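FYI, it's all coordinate maths here, none of it is from the lab. As the structure is a computational prediction, the values presented were derived from the model and not from experiment. Heads up, the Cβs are rebuilt from the backbone with ideal geometry, glycines too, and the neighbour counts pull from every protein chain shown.
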Amino acid sequence: MADKKAVVANVPKKKATSREKKDWIAGYIFIAPVTIGLIIFYIWPFIQNIWFSFNDVNTFNVATWCGIDNYKRLTGDTEVFNAFKNTLKYVIITTPVGLFFSILLAALMNAKIKGKSIYRTLYFLPSVTMSAAVAMVWKWMYNDQMGIINSLLRALGGEGHNWMTDPKTALYCIMVIGIWGGVGYNMIILLAGIQGISTSYYEAASIDGAGPFAQFFKITIPMLTPTIFFVLITGLIGAFQVFDTVYMMIGAANPAFEKTQTVVMMFYRAAFSYGEKGYAAAISLFIFAVIMIVTVIQLIGQKKWVNYD
Amino acid sequence: MSGKKLQHLFVHLILLSGVIFVVFPFAWMVLTSFKTPGEAMLIPPTILPENFITDAYSEILTALPFAQIYMNTFVSAIIITVIQVALCSMAAYGFARIDFPFKNGIFVLLLSVLMVPGQIFLIPQYLIIMNLGLLDSMMGLVLPNLFSAFGTFLLRQFFMSLPKELEEAAILDGCNRYQIFYRIMLPLVKPGIVSLVIFTAKFAWNNFLWPLLVNTSPDKMILGPALSSLQGQYTTQYPMQMAGAVMAVIPLIVLFFIFQKQFIEGVAQSGIKG
């Protein structure tokens, strides 16, 4: 690449090149472990997964080419269809509801009140706890005979309900846990966003006579849209992949199983319970495609409502 | 003035009702864990245990190899955190501060890992670990988690914000790249390292799906999947289940109370940097 004559004519430059080369080697040494590790355990598996999706992989993990059979089966599989329906329902409800409460809490936490750090700590607590443990506690609280929720309802004169086994309610119960677990975390991000808004906007607005509600909707929300967008995107991607709570709370014998099975759960069972790894690979790529499409729609849609200045 | 006070009272009321919703499951978990199985099933339930009984905690230690499981979780979290953070900080420095051929291409390739949901890698990762004969081992548990595109990206942002002059001065003083990295640059990105340590330790401790797949014998498990089998085996022993849950969440809660500021700042920054 370098002009030979120029290099010969310009001796100091040649020296610089040898130092440059030393730097190159140092650079490669620094990035080598992570790069090699990611290639072996992530990038190569990604390619392999695509290949598996065109194969029939039996329980002994021997792959035989089957073309697009797995994808054909995918389009006609009602179980997969239902799992996608459940997951979409979960995503469509938990994301906006969670976002609403996170913004509300962040706005309230921005007020000049006492005990803010205590609130912050308590609200953040679910984000540091293991979802498996959390699922166990909620399952116990939802218990139809002895659960505290039904006991409370009965004490208030109402009736108990078999929350986790009724196909109509089980998924909503899991949504409650998802919202409960994510609100504090998102509140912290949004609060940082609110505190990053310059006070001069508020000062100008109050001179113009804008009350707290007008200020909230006309200044806080529009200025916060980049942060809201970030929370929304990460929330959507996370919600699509819900697994731990569903796995812990709904056994295969549960009558609500069909109405609560999510796509990752379906993937898990296909790959590791039924040993249909080729088909499961196709399911996982389908999940990926859906997440990508939703994210791209979001990225295009953001131009309409996210303010960047 | 009293209008303002009323306003604050209103804010406190909303925040407090939220707190009750958020904290109640933790309280119920702890309270149930100190009851006898009989008391836990009383209808209507008692709120406070009649006597604080620790039977559930001692039973759990014999029902599962719980001490061993606890140890496994600790060891795997420490190995994953230390090695991942070390490797990520090296790579982040390389990508942020050194010029070499194909740098951007390699970086984009690694970043693409961030865009893909984890399930995509799971089957091939499982087969790799199986073929290496590492199922049911500490090595199999930690291996894919030692490398992180997210950590590399996060720390790269921190390295990039440091002034160039620092390195130039060090080079003139005769330091080589490795010395510059270790002695000069690494201490300056401490806030980033702390964030990544917290994030990774939390992830490793709470990890569920991967350990559920690879480490299935009771004495090789970590806490998440162990709780699942506890729940499966002792379906109606609620105090025992809750005792397991309490023990599983306590280390991270303690860690959170100690490093609260770092936890919260790390999360707050993720929204600003991203």
* Run the dipole for the protein assembly as shown about the Cα centre, Lys and Arg Cβ at +1, Asp and Glu Cβ at -1, nothing else charged, and hand back the magnitude in debye, nearest 20. => 1760 debye
* To do: Identify, among A:Ser206, A:Phe243, A:Tyr274, the residue whose Cα sits farthest towards the positive end of the charge dipole of region A:173-309, taking +1 on the Cβ of Lys and Arg and -1 on the Cβ of Asp and Glu, with the dipole about the Cα centre.
  => A:Tyr274
* Given springs between every Cα pair under 10 Å in a Gaussian network model of chain A, which of A:Lys85, A:Lys112, A:Lys218 has the largest fluctuation? -> A:Lys112
* Asked: Picking from B:Met247, A:Ile283, A:Ala133, whose Cα lies most toward the positive end of the charge dipole for the protein assembly as shown (charges on Cβ: Lys, Arg +1; Asp, Glu -1)?
  -> A:Ile283
* Between 0 and 90°, nearest 10: helix B:103-115 axis offset from chain B longest Cα axis -> 10 degrees
* Let me know the volume per residue of the alpha-carbon convex hull for region B:161-207, in Å³. => 74 Å³
* Structure fact -> Taking the dipole of the protein assembly as shown about the Cα centre (Lys, Arg +1; Asp, Glu -1; charges at Cβ), the one of A:Gln298, B:Asn215, A:Ile177 that reaches farthest to the positive side is A:Gln298
* Tell me what chain B gives for mean residue ellipticity at 222 nm when only DSSP H runs of n ≥ 4 count, each as -39,500 (n - 2.57), the sum divided by the residue total, rounded to 500 deg cm²/dmol. => -23500 deg cm²/dmol
* Would you mind checking which residues have amide H under 5 Å from A:Asp56's amide H? H placed 1.01 Å from N; only 5 or more apart, or other chain. => A:Thr64, A:Trp65, A:Cys66
* Asked: For the residue pair A:Glu20 and B:Cys175, what label-to-label distance in nm results when each label sits 7 Å from Cα along the Cα-to-beta-carbon direction?
  -> 2.4 nm
* To do: Would you work out the charge dipole size for chain A about its Cα centre, treating the Cβ of every Lys and Arg as +1 and the Cβ of every Asp and Glu as -1, and quote it to the nearest 20 debye?
  => 1200 debye
* Structure shown: which of A:Lys22/B:Lys190; A:Lys85/B:Lys35; A:Lys139/B:Lys202; A:Lys218/A:Lys303; A:Lys304/B:Lys4 lie over 29 Å apart, alpha-carbon to alpha-carbon? -> A:Lys85/B:Lys35; A:Lys304/B:Lys4
* Using the Cβ atoms and a cut-off under 11 Å, what net charge is assigned to the surroundings of B:Val214, where Lys and Arg are +1 and Asp and Glu are -1? -> 0
* Asked: Rg to Rh ratio, region B:72-233, alpha-carbon atoms and Kirkwood radius?
  -> 1.06
* Structure fact -> Phi angles of region B:241-246, converted by Karplus (6.51 cos²θ - 1.76 cosθ + 1.60, θ = phi - 60°) into ³J(HN,Hα) in whole Hz with x for Gly and Pro, give 4, 5, 4, x, 5, 4
* Asked: Could you give P(r) for chain A, binned at 20 Å from zero, as whole percent values over all Cα-Cα pairs?
  -> 23, 44, 26, 6, 1
* Structure fact -> In vacuo Debye sum over C-alpha of chain B, base-10 log of normalised intensity I(q)/I(0) at q = 0.08, 0.10 Å⁻¹, listed in q order, is -0.49, -0.72
* Alpha carbon centroid spacing (whole Å) that separates region A:278-296 from region B:238-253 -> 35 Å
* Structure fact -> What helix-only [θ] at 222 nm does chain A give? Using -39500 (n - 2.57) per DSSP H run of at least 4, over all residues, to the nearest 500, the answer is -23000 deg cm²/dmol
* Write down the Å³ per residue value for the convex hull defined by the alpha carbon atoms of region B:115-159. => 75 Å³
* Asked: To one decimal place, what Kirkwood hydrodynamic radius in Å is obtained for the protein assembly as shown from all pairs of distinct Cα atoms?
  -> 26.4 Å
* Helical segments meeting 15 Å axial Cα length and Kyte-Doolittle 0.5 threshold in chain A (DSSP H) -> A:78-109, A:131-142, A:170-195, A:221-240, A:277-305
* To do: Within the set of other residues whose C-beta is less than 11 Å from the C-beta of A:Leu191, count the net charge using Lys and Arg as +1 and Asp and Glu as -1.
  => +2
* Would you please calculate the Kirkwood hydrodynamic radius of region A:83-189 over all C-alpha pairs and express it in Å, rounded to one decimal? => 15.4 Å
* How about A:Lys72: which aspartates and glutamates have a C-alpha closer than 14 Å to its C-alpha, ignoring those fewer than 8 places off in the same chain? -> A:Asp56
